[in-house]
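Colleague: Sharing a structure, written as structure tokens. Questions coming.
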Amino acid sequence: MNKNMDEITLEQSKKPIYTCPDIDSILLKDLDCIVCMESAIDMLGYSNGENRRYIKVYSEKDFHIPYIKCYIVENLSDVPYVEKEGIKVSPIEFAMNDMLEKEPFSISLFDNKELRKIKAKLLDKLEESNSREKIKMNSQTLERISQCILHRRLK
């Protein structure tokens with residue numbers, strides 16, 4: 001039996017639109033894009049994606065596909081990425097930094113365990129880095145993550 005939209009329960013409406021990397025792969029398979037922000041963090045395995053309603057991507061045009069939110073960039077080749085199972089994904093340090101700059105409220109989607117995991121990876125990247133710009137960016141991002149974790153402990 002099909003339910004109309006008025007009959008959907010509150011619990012059902014809270015469920016995420018997508019949580020499975022296989023679904024992401026199917027949706028993104030033939031698109032010229034780079035997965036970004038919290039969607040990239042999910043795809044890289046640092047969170048479970050439970051609270052996400054869209055797959056966020058950088059692209060040169062809007063695809064007008066439900067559940068994919070496009071952030072238009074002038075030249076996709078200027079955006080750094082790593083490949084994960086054949087899909088271009090923003091590296092963790094860029095994904096987190098972009099998310100904090102463009103949608104700072106999104107950090108609340110991550111629980112403290114996920115934030116600690118992300119912070120540990122960023123610390124590793126910081127130790128590996130020899131670029132001053134990258135070190136500054138990672139240090140600022142780490143500070144914001146630490147503030148979020150601390151703020152939650154004080155509540």
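Colleague: Can you spot a residue in region 46-58 that is more than 24 Å from Leu27 (Cβ to Cβ), acidic (Asp, Glu), modelled with pLDDT under 90 and touching a Ser or Thr at 6+ places or on another chain (Cβ under 8 Å)?
Modeller: no
Colleague: Is at least one residue of region 72-79 touching a helix residue (DSSP H, G or I) at 6+ places or on another chain (Cβ under 8 Å), closer than 18 Å to Leu27 by Cβ, at pLDDT 85 or above and not in a strand (DSSP E or B)?
Modeller: no
Colleague: Quick check on Ser77: is it within 15 Å of Glu38 (Cα to Cα) and out of contact with any Ser or Thr (no Cβ under 8 Å at 6 or more places or on another chain)? First the steps, then the outcome.
Modeller: Working: within 15 Å of Glu38 (Cα to Cα): no; out of contact with any Ser or Thr (no Cβ under 8 Å at 6 or more places or on another chain): yes.
No: the conditions fail for Ser77.
Colleague: Report, by residue number, each residue of region 30-67 that is more than 18 Å from Ser90 (Cα to Cα) and touching a residue at least 24 places away in the same chain (Cβ under 8 Å).
Modeller: Listed by number, the residues that qualify are Glu50, Asn51, Arg53, Phe63, Ile65, Tyr67.
Colleague: Mind checking which residues of region 83-109 are of a type outside the set (Asp, Glu) and either in contact with a His (Cβ under 8 Å, 6 or more places away or on another chain) or more than 26 Å from Lys29 (Cα to Cα) (or both)?
Modeller: Leu100, Pro104, Phe105, Ile107, Ser108
Colleague: Restricting the search to region 59-98, which residues are surrounded by 13 or more Cβ atoms within 10 Å (Cβ to Cβ) and among the hydroxyl-bearing types (Ser, Thr, Tyr)?
Modeller: Of everything in region 59-98, those that are surrounded by 13 or more Cβ atoms within 10 Å (Cβ to Cβ) and among the hydroxyl-bearing types (Ser, Thr, Tyr) turn out to be Ser59, Tyr67, Tyr71, Tyr81, Ser90.
The values are calculated or read from the model by the stated rules, or taken from the named source; none is laboratory data. Bear in mind the structure is a predicted one, so any value in this text is a computation, not a measurement. Don't worry about glycine lacking a Cβ; one is built from the backbone with ideal geometry, like all the others, and counts go over all protein chains shown.
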